[in-house]
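This report refers to the structure that appears directly beneath it.
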Amino acid sequence: MQDPIRTRCDDGILEVVIDRPKANAIDLATSRTMGLIFRDFRDNPDLRVAIVSGAGEKFFSAGWDLKAAADGDAVDGDYGVGGFGGLQELRDLNKPVICAVNGICCGGGLEIALSADLIIAAAHATFALPEIRSGTVADAASIKLPKRIPYHIAMDMLFTGRWLNVEEAHRWGFVNEIVLADKLMDRAWELARLLASGPPLVYAAIKEIVREAEGTTFQTAMNKITKRQFATVDALYSSEDQLEGARAFAEKRAPIWKGK
């Protein structure tokens, strides 16, 4: 039996591929595997950027495996570290994640994509939240999507389950870039290498600030930054990389980031 999740690492980049024919749907066991993979990515200082995609050209992921559910997987069962798909509830994930959508991206698959920081998509990709049609709620998407795109468009998707082509998804802003299918992973790796060459402590501070600011006021968040009450900001302001950035700018050279 093939491994439902394939990974490879190169130059600080982790690639995670969901490989569960035919629809790359995710059952409880697969979700738990993904959680361990992304937890290890979070905790490994040698890994700087992750890419998540799906095997084949038809599906990124159809989300929750309804066949597994019919066989006894509980919808409120143990999804493992990080919740469904290992990403959407993983605490303190302060590294960039790129989602490369290579086809149908619906339900929990779209929720995984929304847990990434950048979404690039093949020209044939499509998106939907069809949970309404099976009498259940797209829980993570109900929280995240109205914050990412116009409220009325998000509610339209949640209420009707209608499909968006990649051009509409790009127009509403939850897809960063449309790429030809045969160039999708090349572009994902190009972006990942760009990010991997950047300052990891700054990325960590950005992600913590953005995440924590969602639940507070602007001034409260600003006060926490200036008082170094965010752990990532405090680490950044005390780091060698902070000095290296200033020195490199003054010396008109490329900085050498050490992540410390």
Original post:
Over the range 164-260, what per residue volume does the convex hull of the Cα atoms give, in whole Å³?
Top reply: 149
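Between ARG133 and ASP43, what FRET efficiency comes out of the Förster formula 1/(1 + (r/R0)^6) with R0 = 41 Å and r the beta carbon distance, rounded to 0.05?
0.60
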Original post:
Under a plain spin-label model, where a point goes 7 Å from the Cα along Cα-to-Cβ, how far apart in nm are ASP234 and GLU168?
Top reply: 4.7
Original post:
Put a dot 7 Å past each Cα toward the Cβ at HIS152 and ASP11; how far apart are the dots in nm?
Top reply: 4.6
**OP:** Let me know the volume per residue of the alpha-carbon convex hull for the range 200-251, in Å³.
**Re:** 76
Subject >> Flagged links, alpha-carbon separation over 25 Å, of LYS147/LYS227; LYS95/LYS227; LYS147/LYS207; LYS183/LYS207; LYS207/LYS227; LYS22/LYS144 >> reply: LYS147/LYS227; LYS183/LYS207; LYS22/LYS144
Original post:
What does the charge dipole of the range 5-197 about its Cα centre add up to, to the nearest 20 debye, if the Cβ of each Lys and Arg holds +1 and the Cβ of each Asp and Glu holds -1?
Top reply: 240
Subject >> Packing-based order for 140-153, 25-38, using average beta carbon neighbours within 10 Å, highest first >> reply: 25-38, 140-153
**OP:** Quick one: compute the contact order of the chain, relative version, from alpha carbon pairs under 8 angstrom and 6+ residues apart, as a percent.
**Re:** 15
Subject >> Pairwise label distance in nanometres, ASN223 with LEU180, each label 7 Å out on the Cα-Cβ vector >> reply: 5.4
**OP:** Provide the per residue accessible area, probe 1.4 Å, for the chain, rounded to a whole number of square angstrom.
**Re:** 51
**OP:** Compare the peptides 96-106, 13-23 by average per-residue count of other Cβ atoms within 10 angstrom and give them in order, highest first.
**Re:** 96-106, 13-23
**OP:** State the Cα centre-to-centre distance between the range 217-233 and the range 146-204 in whole Å.
**Re:** 28
Subject >> Share of carbon and sulfur in the accessible heavy-atom surface of the chain [1.4 Å probe, %] >> reply: 55
**OP:** Assuming R0 = 22 Å, can you tell me the calculated FRET efficiency for the pair ARG211 and HIS124, based on Cβ-Cβ distance, to the nearest 0.05?
**Re:** 0.10
**OP:** Take the alpha carbon atoms of the chain, find their radius of gyration, then divide it by 2.2 N^0.38 Å using N residues; give the quotient.
**Re:** 1.04
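The values are calculated or read from the model by the stated rules, or taken from the named source; none is laboratory data. Bear in mind the structure is a predicted one, so any value in this text is a computation, not a measurement. Please note: Cβ atoms are built from the backbone with ideal geometry, for glycine as well, and neighbour counts cover all protein chains shown. Ligands, DNA and RNA are stripped out before the accessible areas are found, and what is left, the full protein with its side chains, is counted by its heavy atoms. Shrake-Rupley method; radii C 1.70, N 1.55, O 1.52, S 1.80 Å.
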